[in-house]
Amino acid sequence: YAGQREVRLGLIVLLAFTGLQITSLRASAQGRITQAMVREAQNFLETLRANPTSIPGRCTQTLSLGGTSASCQYIPCSLNGTSLNCTTGVSNPRAYRITLEVPANRPRMTLETVVYVP
């Protein structure tokens, strides 16, 4: 009986270790996916900052960032002294308030920024 108990205990330990390994591998894969999403989102926002006049055409409800669906929304803003007034009725925007959600259907990440128009 003592030998059987040791074998059973060994199997239990082996199964527990295997479960931990699987959980660790899944978490690592999710981390890589999240890191790639963040990198793609940051690159997209940087392209908008580099060319703010492209925002209305590039920031859309449905877009793809490195194969992942995303949703980009913008609101034009006017400047009044030191305050920023963002509404949909601004005709000559001096800035845009941008919200980027990745993925679009169930966002795991939401980035918000303001891009000023020179």
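The values are calculated or read from the model by the stated rules, or taken from the named source; none is laboratory data. Keep in mind the model is a prediction, meaning the values are calculated, not measured. Counting neighbours? That spans all protein chains shown, and the Cβs are built from the backbone with ideal geometry, glycine included. Accessible surface areas use protein heavy atoms only, side chains included; no ligands, DNA or RNA. Shrake-Rupley method; radii C 1.70, N 1.55, O 1.52, S 1.80 Å.
Just a few scattered comments:
- Evaluated against (1) under 22 Å from the mean Cα position of the chain (by Cα); (2) open to solvent by less than 30 Å² (accessible area, probe 1.4 Å), residue 42 falls short on exactly one condition, (2).
- Flag for residue 47 being surrounded by 10 or more Cβ atoms within 10 Å (Cβ to Cβ), modelled with pLDDT under 90 and out of contact with any Phe, Trp or Tyr (no Cβ under 6 Å at 6 or more places or on another chain): no
- Selection status of residue 117, touching a residue at least 40 places away in the same chain (Cβ under 8 Å) and of a type in the set (Val, Ile, Thr): yes
Condition check ((1) part of a strand (DSSP E or B); (2) touching a residue at least 40 places away in the same chain (Cβ under 8 Å); (3) open to solvent by less than 70 Å² (accessible area, probe 1.4 Å); (4) more than 30 Å from residue 36 (Cβ to Cβ)) across all residues:
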site: 70; (1), (2), (3), (4): yes, no, yes, no
site: 75; (1), (2), (3), (4): yes, no, yes, no
site: 85; (1), (2), (3), (4): yes, no, yes, yes
site: 90; (1), (2), (3), (4): no, no, yes, yes
site: 93; (1), (2), (3), (4): no, no, yes, yes
site: 96; (1), (2), (3), (4): yes, yes, yes, no
site: 100; (1), (2), (3), (4): yes, yes, yes, no
site: 105; (1), (2), (3), (4): no, no, no, no
site: 111; (1), (2), (3), (4): yes, yes, yes, no
